[in-house]
C-alpha cells in the first residue's frame, strides 16, 4: 500500500495554522529557567536536556494551537478577521489538523519522558490548560488568564526538566507567573479588535464585557504585575546589572504597546502584539544569557 505523503503546500498551511513562529514568545523564558537551573545544578551536562525542552515546548504549543483552531473553527468563520484561517477556508482539513495535534502531543509526552520521570508524570497536567483555553471564551470573561496559566507552565517545566524535583523551584514559579501575566496581558490587547463581533456572536472576553478602555487598563495592571515579578525573579536568582538593563528594555517595550494602542485607535494592535512582544522576549533572554555567561 502506498503511503500518503502530505503535499508541501499542506505542510506550510498547517504551520501557518499553528503559527509556529509564535513559539518565540514563551520559548526564551523556558531556556532562561533551564539555564538558571543548570547553573545552580553545577554539573554542566544538560545540552541534550535543552534540546528535549525545545522539542517538548514547540510540540506542546503546536498541539495547543491546532486544538485551539479546531475547536474555534466555527467561531472563526463568523469573524471577518479570522474567516480566512486555514480550517475555515479548507486549506487545512480538520483531519489533518487533528493528526498534527495528536502527533505533536505524542512528541511532547515522549520528550517529557526522555527528560525525567517527574516530567513524564506531569505532562498530562501541562496539557489541561492548553485544552481548556479554547473553551474558556465560552464561559468566562477572563479567558486571557486561562492562557496565562497555560503559558506559565513553560518556565516551571523547563526547571523541572533540568532538576527532576520541585525542591528549590520557587524562582521558576515566579518566572512562570510573570510570563503568563505578560502574555495574558497582551492577549487582552489583542482581543480589543474583536469587541463588536464577540458581543454579536456570544464570545466572552474582557474587552467584550467591560469595553476597550477598561480592558486596556486591566491589561496595563496585568503588565505592571508581570514586570514586578520579573524584578522579583532577578532578585531571587541573583542576576546582575545586565539583567536589569534587559528589564529596562522590557519595560520600554511594555510601555510602547500601551502607548500605541488606545481605545480610539486599534490600528497598531498587530504591531504591539507581534513586533513589541517578540522583541521583549528576545531582548530579555539575551541580556539574561549575557548576565549568566559574563557575570
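The values are calculated or read from the model by the stated rules, or taken from the named source; none is laboratory data. Source: prediction; values computed, not measured. Cβ atoms come from the backbone with ideal geometry, glycine included; neighbour counts cover every protein chain shown.
None of 103, 5 is surrounded by fewer than 18 Cβ atoms within 10 Å (Cβ to Cβ) and either modelled with pLDDT of 90 or more or touching a helix residue (DSSP H, G or I) at 6+ places or on another chain (Cβ under 8 Å) (or both) except 103. Of the helices (runs of 4 or more DSSP H) lying entirely inside segment 200-272, those carrying at least 1 residues that are modelled with pLDDT under 95, surrounded by fewer than 17 Cβ atoms within 10 Å (Cβ to Cβ) and within 21 Å of the chain's Cα centre (by Cα) are 241-260. Screening residue 233 on (1) free of Cβ contacts under 8 Å to residues at least 60 places away in the same chain; (2) within 19 Å of residue 36 (Cα to Cα); (3) touching a helix residue (DSSP H, G or I) at 6+ places or on another chain (Cβ under 6 Å) shows it passes everything except condition (1). Quick check on my filter: what residues within segment 67-104 are closer than 20 Å to residue 196 by Cα and in a helix (DSSP H, G or I)? Answer for segment 67-104, where residues must be closer than 20 Å to residue 196 by Cα and in a helix (DSSP H, G or I): 73, 74, 75, 76, 77, 78.
Pairing residues of segment 282-295 that are at negative phi and surrounded by fewer than 18 Cβ atoms within 10 Å (Cβ to Cβ) with residues that are modelled with pLDDT of 90 or more and assigned to a helix (DSSP H, G or I), at Cβ distances under 6 Å and at least 6 apart in sequence or on separate chains, gives 290/242. Looking at residue 176, is it closer than 19 Å to residue 132 by Cα, crowded, with 22+ Cβ neighbours inside 10 Å and within 11 Å of the chain's Cα centre (by Cα)? When the stated conditions are applied, residue 176 passes them. Total residues in segment 70-100 satisfying the condition of being more than 22 Å from the chain's Cα centre (by Cα), touching a residue at least 40 places away in the same chain (Cβ under 8 Å) and crowded, with 16+ Cβ neighbours inside 10 Å: the figure is 4. Within the bounds of segment 102-122, is there any residue that is touching a residue at least 40 places away in the same chain (Cβ under 8 Å), out of contact with any strand residue (DSSP E or B) (no Cβ under 6 Å at 6 or more places or on another chain) and closer than 26 Å to residue 203 by Cα? No, the conditions are met nowhere in segment 102-122. Taken residue by residue, segment 36-46 has at least one member that is out of contact with any strand residue (DSSP E or B) (no Cβ under 7 Å at 6 or more places or on another chain), at pLDDT 90 or above and buried (at least 20 other Cβ atoms within 10 Å of the Cβ).
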